[in-house]
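Remarks on the structure that follows.
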Amino acid sequence: MLAPGTLSLERHRLFWLYLKNETTFFSAPLRVLHFAPEQAFVQKFKKQKNLTYTTTDLNSPIADVKADICDLPFKDNSFDFIICNHVLEHIPDDTKAMQELYRVLAPSGTAIVQVPYDAKREITFEDNTITDQSERTRIFGQYDHLRVYGMDYFKKLSSIGFDVNALDYTSSISSDDIERYRLCKGELLPVCKK
């Protein structure tokens with residue numbers, strides 16, 4: 001559900017609450033890389049004096065750096081915090097993209113790598129022979145999605161080297177606040193450490 005005042009979706013609000021309540025994102029000096037920067041965040045993050053904030057995307061007109069997530073122009077260990085929300089489902093070689101995220105994340109850094117996933121599906125489904133946009137929408141949920149992630153997504157992130165916590169942050173939020181923020185109860189937040 002889109003909040004008209006903030007242009008935020010459920011995943012954005014969950015992420016924001018996690019950042020605000022569980023991290024030093026708004027106080028510690030951090031080098032932050034934000035992929036496909038969302039309008040709900042970008043102006044707020046740019047105003048944070050503690051952040052060295054860089055946005056990147058291959059096509060977005062609001063991105064600071066035009067870059068392919070599979071071939072990033074950044075040095076190893078460049079960022080303390082990476083935000084990558086609902087990007088990997090669009091990337092043909094998501095393994096290479098995950099490897100690049102890991103490469104540019106500094107030791108002890110954090111990456112939040114959200115994707116749409118089907119909690120009832122054990123194994124991710126992808127079929128690159130499906131190219132028709134209406135067929136992709138029917139099967140993958142959106143015309144430019146290339147897969148439907150299953151619960152093996154978190155294991156795949158681990159196989160890249162991340163220490164992954166598939167965090168059900170809603171379990172620590174009151175029912176009133178879940179309703180207030182219109183969160184999806186039980187949504188897992190992939191908190192990845194290096």
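Overview of values
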read-out	value
Out of 28, 97, 40, sole residue that is assigned to a loop (DSSP other than H, G, I, E, B), in contact with a helix residue (DSSP H, G or I) (Cβ under 9 Å, 6 or more places away or on another chain) and either of a type in the set (Gly, Ala, Ser) or under 19 Å from residue 188 (Cβ atoms) (or both)	40
Residues (of a type in the set (Phe, Trp, Tyr) and either exposed (fewer than 13 other Cβ atoms within 10 Å of the Cβ) or in contact with a Ser or Thr (Cβ under 8 Å, 6 or more places away or on another chain) (or both)) located in region 16-44	16, 35
Unmet criterion (only one of (1) within 21 Å of residue 71 (Cα to Cα); (2) in contact with an Asp or Glu (Cβ under 8 Å, 6 or more places away or on another chain); (3) buried (at least 20 other Cβ atoms within 10 Å of the Cβ)) for residue 97	(2)
Test for residue 75: is it free of Cβ contacts under 8 Å to residues at least 60 places away in the same chain, out of contact with any Gly (no Cβ under 6 Å at 6 or more places or on another chain) and part of a helix (DSSP H, G or I)	no
Residue tally, condition surrounded by fewer than 18 Cβ atoms within 10 Å (Cβ to Cβ) and either among the hydroxyl-bearing types (Ser, Thr, Tyr) or in contact with a strand residue (DSSP E or B) (Cβ under 7 Å, 6 or more places away or on another chain) (or both), over region 79-94	0
Checking residue 170 against (1) more than 16 Å from the chain's Cα centre (by Cα); (2) modelled with pLDDT of 95 or more; (3) assigned to a helix (DSSP H, G or I); (4) not basic (Lys, Arg), the condition it does not meet	(2)
Total residues in region 119-162, condition small (Gly, Ala, Ser), free of Cβ contacts under 8 Å to residues at least 40 places away in the same chain and surrounded by fewer than 18 Cβ atoms within 10 Å (Cβ to Cβ)	4
Matching residues in region 78-94 - criterion: being within 26 Å of residue 26 (Cα to Cα), assigned to a loop (DSSP other than H, G, I, E, B) and not hydrophobic (A, V, I, L, M, F, W, C)	78, 86
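The values are calculated or read from the model by the stated rules, or taken from the named source; none is laboratory data. Just so we're clear, the structure is a prediction, and the values are computed from it rather than from any experiment. Positions of Cβ are generated from backbone atoms using ideal geometry, with glycine treated the same way; all protein chains shown enter the neighbour counts.
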